[in-house]
């Protein structure tokens, strides 16, 4: 898959410019999708990703101790998103800071896509977040556990419950 993660992490820690561009090319779209789901606003999502990259440059010396770069990135993104959400007026904050964001990847004119979006909005915030990190972030259960500070087994359970609820909710309409 091209550049190895360990090599990229070392280059980032050394402050090599090309490494930041490579990191953005590899993870930028997924980071943006997850931030957009967490914050419910494209502009805020862009800010969260930009804040993350600024922090990576500013504190690059910390990267030499990172053992799992994707998990580190998404954990940092989550902190950045929470910081942005805390600055919002109380009236636009979502409970638990996570918003019910539609799945932008789904066809906009599809009745099935609307049904899936509605079903995702019914999931508890902790299950939505795991679902987004798994689907949009393409992280493993272990990486998601690192991001959220929970065990991989808990992540797997939340993901399984989310998928089960989505199947039940969407499946009921098609029986």
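Observations on the model:
- Length available on full extension from residue 5 to residue 43: 0.36 nm per residue minus the Cα-Cα distance, which gives 10.8 nm.
- For the pair residue 170 and residue 153, label points projected 7 Å from Cα toward Cβ lie 2.9 nm apart.
- Distance between the pseudo-spin-label points of residue 114 and residue 21 (7 Å out from Cα toward the beta carbon): 4.5 nm.
- Highest mean first, the peptides 34-40, 125-131, 137-143, 158-164 sorted by other C-beta atoms within 10 Å per residue fall in the order 34-40, 125-131, 137-143, 158-164.
Where a number appears in this text, it was derived from the coordinates with a stated rule and is not lab data. All values reported here derive from a predicted model rather than from experimental measurement. Please note: Cβ atoms are built from the backbone with ideal geometry, for glycine as well, and neighbour counts cover all protein chains shown.
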